[in-house]
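A.B. asks: Sharing a structure here in structure tokens format.
The values are calculated or read from the model by the stated rules, or taken from the named source; none is laboratory data. In this text, all values refer to a predicted model and were calculated from it rather than measured experimentally. Don't worry about glycine lacking a Cβ; one is built from the backbone with ideal geometry, like all the others, and counts go over all protein chains shown.
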Amino acid sequence: MTVLEVRNLQKSFGQIKAVRDISFSVNAGEVFTIIGPNGAGKTTTLEMIEGLVSPDNGEIHFGDLDWNKHAVSIKKKIGVQPQSSAMFDLLTPEENLNLFASFYDHARSAKEILEIVNLTEHRKNHVKKLSGGQRQRLAIGLALISDPEIIFLDEPTTGLDPQARRNIWDIILHLKELGKTTILTTHYMEEAEKLSDRVCIVDQGNVITLDSPSALIEKLTDEREIRLSFLDGEGAAVDADIFSKVLESVSKTEREGATLKIWAAKPEETLLDLFKFTKEKSFGVEQVSIREMSLEDVFIAFTGKEWRD
Amino acid sequence: MRLPAKNGGIKINRYHQFKMMFLAQLKLTLREKQAWFWGIFFPVILMVIFMVIFSGNSDEEFKTEVAVVDPSPNPASEMMLSQISGLPVFEVKSGKPVARDRAEEWVKDQEVDAAIILPGSAEASSVTLLINKENEQGAAAQAVSGILDKFIQQANLMAAGASPKYDLQYESITSGTNELDYTDFLLTGMIALSIAQGGMFGMVDLVDMRRKGLIKRLRMTPANMGIFGLSDMVMRLLFSIVQIILLSLIGVLVFGANLYINPFTLIIVFLIGALSFNALGYFFSSFSKTTEAYMGVANICSFLMMFLSGVFFPIETMPEWIQPISSILPLTYFAEGLRESMVYETGIATAGLWAGIGVMTLWGAVTFLLGSLLYKRKAIAADR
Ligand SMILES: Nc1ncnc2c1ncn2[C@@H]1O[C@H](COP(=O)(O)OP(=O)(O)O)[C@@H](O)[C@H]1O
Ligand SMILES: [Mg+2]
């Protein structure tokens, strides 16, 4: 079931075309991730959907509801954690939640939300004393206070340390268990891969591609990068390089000292042949790896650009 | 799908929302140290310093300066003159009787607390006391007339059993609206200044909220922004009331200021003044991108007004070319209005008062409209 559909969104700020053409639809209960480099137009897209910025062009539908006629109903249906994660710094998490609860006629209790975002212990500290991760969790908590069906999280993990990021992942996975629909933006590929049912890659205001992470990776070439380091030094690597070049499935090799990189369409077969060869020559192999393709490669394949986060 | 446990679903009504927003504002104000420093501590310190420096002749020593007028010297007047000179509490200015005109001038200018006019002939039976109207109820005036009263009783007794010969006539001179005791003057000026500054500086919160994205955040919820604005306003007015009460208490209890309050006038002047200066702050906030920019503008305006609006010294004491500027500044009229309502007990139906209220209202309305216009112009959000 589709809970949100956007079609041909466009938005310019003066000369800057922040969003050129973005369309997608989001299904109930999924984690839908919009990923793209800084300035790709993620926040602008979300703000149009959240009713904060009016699009120059395009349509936004929450089922039968749209902003022109049903602003209040939509506001009650959605929960938003904006990128700036704004809240009252001189109030405590509990007070912030209680205040936001008063804006809705069906709100959840601050106590429940504090448990979900794991802030019960810090509920009486002023927000300005919280760490980045705790603050971000409260921002998510504020988005949850109205018990919304659709939750928007704009870069909830940016700038956090790995542990704090993992805590937020746990919250997002918990929301999924509860059957909520989450629309997430990030510029961490790893995060998108781990959490999302579907990923929408955007760059320069356009949708590059959209599918589940595994489907996107499968769309890439079958070729994998194999890496071998030899115990017996450069000589062994040179011999192995010469040997592998003639193998059928190998398209390219690259050697750096005693380390050899081989690109092969059928990596398992190539490895088998290689190990036969090293056993024959009794070369010792120190490390072997096949690099998995990731969303990063998908981005590179689709845009021809390096991925930097 | 809804989450399992629910919060009994508090039905929101406007009142509940107002209550929660007001409580939040209250906590924010109580926890903001800056607000306390600039809103309470700073004006109190400033007032104390000015009062200690400029109202130096405190009446701890029971001595009051009087002028004596002896229109046509006669035995009776001479007798009284020598008696008065002998009283330790009276210090006769210039040591000898002066002309009546001179004495009246001194009273007007408050160079003396009172002028005593001695009987014109041995047969005349009245002693006249001239007192500045501003001081009529003041401690010095009360003291002079009390002492003189006693003195006259003595004189009557000395007139050997005859029916009371001398009685005290009481006249007062007023010199217009601007000469009043400096303590009262400064106190009302300080109250006006601190409320004005509260308005002009206080709206920095709005810039801060906008910069942090809090305004945007609230607009993502169904929160009623009108109620939010109202709760903010009520909080600010309450804070100003605390300022008035605190400064008045210190002025009256520590520095002996004399307040004769007309409550109705005071409420009107206070509300119009406080709202106008908040509108001014709102206007500053509409074009300031950063809190620093806002504070810069607010500082310049408050600094100018502080010295051009007769807060510390009467406008009449300033160079003449400045006075036209003073006469368009809202703080001039706010301070004046507070003086009228807190010291002169002026009723609301005074033309001068309404002119002042008009000027303040004009400032408030114009700046509020300009501010709203600027906010609309660059509204980040579509008004749906
Ligand atoms: N209010 C605005 N005014 C002008 N330019 C903006 C505004 N908001 C965003 N932009 C520009 O639009 C582009 C997309 O921004 P944004 O949507 O924030 O990207 P992302 O969230 O993907 O980093 C950027 O070039 C940004 O500078
Ligand atoms: Mg962004």
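A.B. asks: Which one of the conditions (1) among the polar types (S, T, N, Q); (2) part of a strand (DSSP E or B); (3) within 30 Å of A:Asn38 (Cβ to Cβ) does A:Gln287 fail to meet, given that it meets all the rest?
C.D. replies: (3)
A.B. asks: Can A:Glu225 be described as surrounded by fewer than 20 Cβ atoms within 10 Å (Cβ to Cβ), within 14 Å of another protein chain (Cβ to nearest Cβ), more than 16 Å from ligand 2 (Cβ to nearest atom) and of a type outside the set (Lys, Arg)?
C.D. replies: Spelling it out, it is not the case that A:Glu225 is surrounded by fewer than 20 Cβ atoms within 10 Å (Cβ to Cβ), within 14 Å of another protein chain (Cβ to nearest Cβ), more than 16 Å from ligand 2 (Cβ to nearest atom) and of a type outside the set (Lys, Arg).
A.B. asks: Starting from the range A:44-57, keep only residues that are more than 8 Å from chain B (Cβ to nearest Cβ), then list their pairs with residues that are within 16 Å of ligand 2 (Cβ to nearest atom) and of a type in the set (D, E, K, R) whose Cβ atoms are within a distance under 7 Å, requiring at least 6 positions of separation or different chains.
C.D. replies: Pairs found: A:Thr44/A:Lys11; A:Leu46/A:Asp154; A:Met48/A:Lys11; A:Pro55/A:Lys11; A:Asp56/A:Lys11.
A.B. asks: Any residue in the range A:85-96 that is closer than 27 Å to A:Gly141 by Cβ, outside any loop (DSSP other than H, G, I, E, B) and out of contact with any Lys or Arg (no Cβ under 6 Å at 6 or more places or on another chain)?
C.D. replies: First, pick out the residues of the range A:85-96 that are closer than 27 Å to A:Gly141 by Cβ: A:85-96.
Okay, now just the ones that are also outside any loop (DSSP other than H, G, I, E, B), so A:93-96.
Now drop any that are not out of contact with any Lys or Arg (no Cβ under 6 Å at 6 or more places or on another chain), which leaves A:95-96.
Among the residues of the range A:85-96, at least one is closer than 27 Å to A:Gly141 by Cβ, outside any loop (DSSP other than H, G, I, E, B) and out of contact with any Lys or Arg (no Cβ under 6 Å at 6 or more places or on another chain), which makes the answer yes.
A.B. asks: Now, a different point. Filter the range A:78-112 for residues that are away from ligand 2 (no atom under 16 Å from the Cβ), out of contact with any Pro (no Cβ under 6 Å at 6 or more places or on another chain) and under 30 Å from A:Glu5 (Cβ atoms) and give the result. Even if it seems obvious, please write down each step before you answer.
C.D. replies: First pass over the range A:78-112, keeping only residues away from ligand 2 (no atom under 16 Å from the Cβ): A:78-79, A:87-112.
From the residues that got through so far, the ones that are out of contact with any Pro (no Cβ under 6 Å at 6 or more places or on another chain) too are A:87-102, A:104-112.
Result: A:Phe100, A:Ala101, A:Tyr104, A:Asp105, A:His106, A:Ala107, A:Arg108.
A.B. asks: Quick one: which residue in A:Gly58, A:Gly39 is over 26 Å from A:Leu173 (Cα atoms), within 16 Å of ligand 1 (Cβ to nearest atom) and either part of a strand (DSSP E or B) or not assigned by TED's automatic domain parsing to the domain that holds A:Thr209 (or both)? Walk me through how you get there before you give the answer.
C.D. replies: Working: A:Gly39 fails: either part of a strand (DSSP E or B) or not assigned by TED's automatic domain parsing to the domain that holds A:Thr209 (or both).
When all the criteria are applied, what remains is A:Gly58.
A.B. asks: Can you tell me which of (1) crowded, with 22+ Cβ neighbours inside 10 Å; (2) at pLDDT below 95; (3) not hydrophobic (A, V, I, L, M, F, W, C) is the one A:Gly179 doesn't meet?
C.D. replies: The single condition A:Gly179 does not satisfy is (1).
A.B. asks: Now, a different point. Could you tell me how many of the residues in the range B:191-226 are facing chain A (nearest Cβ under 10 Å) and in a helix (DSSP H, G or I)? Walk me through it before giving the result.
C.D. replies: Keep residues of the range B:191-226 that are facing chain A (nearest Cβ under 10 Å), which gives B:208-224.
After this cut, where a residue has to be in a helix (DSSP H, G or I) as well, the list is B:208-212, B:214-219.
Residues flagged as facing chain A (nearest Cβ under 10 Å) and in a helix (DSSP H, G or I) within the range B:191-226 amount to 11.
A.B. asks: Right, here's the next one. In the range A:61-82, which residues are facing chain B (nearest Cβ under 8 Å) and part of a loop (DSSP other than H, G, I, E, B)?
C.D. replies: Hit for the range A:61-82 is A:Pro82, nothing else.
A.B. asks: Residue by residue through the range A:182-194, note down the ones that are away from ligand 2 (no atom under 16 Å from the Cβ) and either in contact with a Cys (Cβ under 8 Å, 6 or more places away or on another chain) or at pLDDT 95 or above (or both).
C.D. replies: Passing the criteria: only A:Thr182.
A.B. asks: Still on this structure, I have one more. Considering the range A:126-159 alone, what residues qualify as being hydroxyl-bearing (Ser, Thr, Tyr) and either within 16 Å of ligand 1 (Cβ to nearest atom) or under 16 Å from B:Lys212 (Cα atoms) (or both)?
C.D. replies: As a first pass, look at the range A:126-159 and keep what is hydroxyl-bearing (Ser, Thr, Tyr): A:131, A:146, A:157-158.
Within the range A:126-159, A:Thr157, A:Thr158 qualify.
A.B. asks: Please list, ordered by first then second residue, the pairs with beta carbon atoms under 8 Å, 6 or more apart or interchain, first in the range A:264-285 and in the same structural domain as A:Gly233 (by TED's automatic domain parsing) and more than 11 Å from A:Val250 (Cα to Cα), second at pLDDT below 85 and of a type in the set (Asp, Glu).
C.D. replies: Within 8 Å, the pairs are A:Phe283/A:Asp232; A:Gly284/A:Asp232.
A.B. asks: Now for a separate question. Can you tell me which of A:Val6, A:Val19, A:Val31, A:Val26 is of a type in the set (A, V, I, L, M), under 23 Å from A:Pro156 (Cα atoms) and within 16 Å of ligand 2 (Cβ to nearest atom)? Before you say what the answer is, go through the steps one by one.
C.D. replies: Numbers: A:Val6 fails: within 16 Å of ligand 2 (Cβ to nearest atom); A:Val31 fails: within 16 Å of ligand 2 (Cβ to nearest atom); A:Val26 fails: within 16 Å of ligand 2 (Cβ to nearest atom).
Answer to the check: A:Val19.
A.B. asks: Checking A:Leu46 against (1) within 16 Å of ligand 2 (Cβ to nearest atom); (2) over 30 Å from A:Lys129 (Cβ atoms); (3) not polar (S, T, N, Q): exactly one of these is not met. Which one?
C.D. replies: Exception for A:Leu46: condition (2).
A.B. asks: Has the range A:122-132 got at least one residue that is surrounded by fewer than 17 Cβ atoms within 10 Å (Cβ to Cβ) and hydrophobic (A, V, I, L, M, F, W, C)?
C.D. replies: Scanning the range A:122-132, I find no residue that is surrounded by fewer than 17 Cβ atoms within 10 Å (Cβ to Cβ) and hydrophobic (A, V, I, L, M, F, W, C), so the answer is no.
A.B. asks: I've got another one for you. State whether one or more residues within the range A:226-243 are in contact with a Gly (Cβ under 7 Å, 6 or more places away or on another chain) and more than 30 Å from A:Ala258 (Cβ to Cβ).
C.D. replies: no
A.B. asks: As an exercise: evaluate A:Val3 against (1) away from ligand 1 (no atom under 16 Å from the Cβ); (2) surrounded by 22 or more Cβ atoms within 10 Å (Cβ to Cβ); (3) more than 30 Å from B:Leu28 (Cβ to Cβ) and give the number of the one condition it does not meet.
C.D. replies: The one condition A:Val3 does not meet is (2).
A.B. asks: Test of understanding: among B:Ile261, B:Ile244, which residue is in contact with a helix residue (DSSP H, G or I) (Cβ under 6 Å, 6 or more places away or on another chain), more than 13 Å from chain A (Cβ to nearest Cβ) and loosely packed, with under 15 Cβ neighbours inside 10 Å?
C.D. replies: One residue alone meets the criteria, B:Ile261.
A.B. asks: Let me ask something else about it. With respect to A:Leu91, determine if the residue is buried (at least 20 other Cβ atoms within 10 Å of the Cβ), in the same structural domain as A:Phe62 (by TED's automatic domain parsing) and in contact with a His (Cβ under 9 Å, 6 or more places away or on another chain).
C.D. replies: Details: buried (at least 20 other Cβ atoms within 10 Å of the Cβ): yes; in the same structural domain as A:Phe62 (by TED's automatic domain parsing): yes; in contact with a His (Cβ under 9 Å, 6 or more places away or on another chain): yes.
The answer is yes for A:Leu91.
A.B. asks: Might you check whether a residue that is facing chain B (nearest Cβ under 8 Å), assigned to a loop (DSSP other than H, G, I, E, B) and modelled with pLDDT under 95 occurs anywhere in the range A:113-123? Don't jump to the end; show me each part of the working.
C.D. replies: Residues of the range A:113-123 that are facing chain B (nearest Cβ under 8 Å), as a first pass: none.
The answer is no, given that none of the residues of the range A:113-123 is facing chain B (nearest Cβ under 8 Å), assigned to a loop (DSSP other than H, G, I, E, B) and modelled with pLDDT under 95.
A.B. asks: Within the range A:95-109, identify whether any single residue is more than 22 Å from B:Phe18 (Cα to Cα), out of contact with any Asp or Glu (no Cβ under 9 Å at 6 or more places or on another chain) and more than 8 Å from chain B (Cβ to nearest Cβ), and answer yes or no. Even if it seems obvious, please write down each step before you answer.
C.D. replies: Within the range A:95-109, the subset more than 22 Å from B:Phe18 (Cα to Cα) is none.
So far as the range A:95-109 goes, no, none of its residues is more than 22 Å from B:Phe18 (Cα to Cα), out of contact with any Asp or Glu (no Cβ under 9 Å at 6 or more places or on another chain) and more than 8 Å from chain B (Cβ to nearest Cβ).
A.B. asks: Among A:Ser73, A:Ser131, A:Ser85, which is under 29 Å from A:Ile201 (Cα atoms) and at pLDDT below 95? I'd like the intermediate steps shown before the answer.
C.D. replies: On the way: A:Ser73 fails: under 29 Å from A:Ile201 (Cα atoms); A:Ser131 fails: under 29 Å from A:Ile201 (Cα atoms).
None of the other options fit; the residue is A:Ser85.
A.B. asks: Let me ask something else about it. Among the residues of the range A:127-162, what is the count of those that are more than 16 Å from ligand 2 (Cβ to nearest atom), more than 14 Å from chain B (Cβ to nearest Cβ) and in contact (Cβ under 8 Å) with a residue 12 or more places away in the chain?
C.D. replies: Looking only at that region, the number is 7.
A.B. asks: In the range A:165-276, which strands (runs of 3 or more DSSP E) lie fully inside it and hold 3 or more residues that are within 16 Å of ligand 1 (Cβ to nearest atom)?
C.D. replies: Details: elements: A:181-186, A:198-203, A:206-211, A:224-230, A:250-256, A:259-264.
Once the strands (runs of 3 or more DSSP E) in the range A:165-276 are filtered for at least 3 residues that are within 16 Å of ligand 1 (Cβ to nearest atom), what remains is A:181-186, A:198-203, A:206-211.
A.B. asks: Would you say B:Val252 is modelled with pLDDT of 90 or more and assigned to a helix (DSSP H, G or I)? Spell out the reasoning first.
C.D. replies: Values: modelled with pLDDT of 90 or more: no; assigned to a helix (DSSP H, G or I): yes.
Answer is no for this residue.
A.B. asks: For A:Ala28, only one of the following conditions fails: (1) over 27 Å from A:Leu173 (Cα atoms); (2) surrounded by 14 or more Cβ atoms within 10 Å (Cβ to Cβ). What is its number?
C.D. replies: Among (1) over 27 Å from A:Leu173 (Cα atoms); (2) surrounded by 14 or more Cβ atoms within 10 Å (Cβ to Cβ), A:Ala28 violates only (1).
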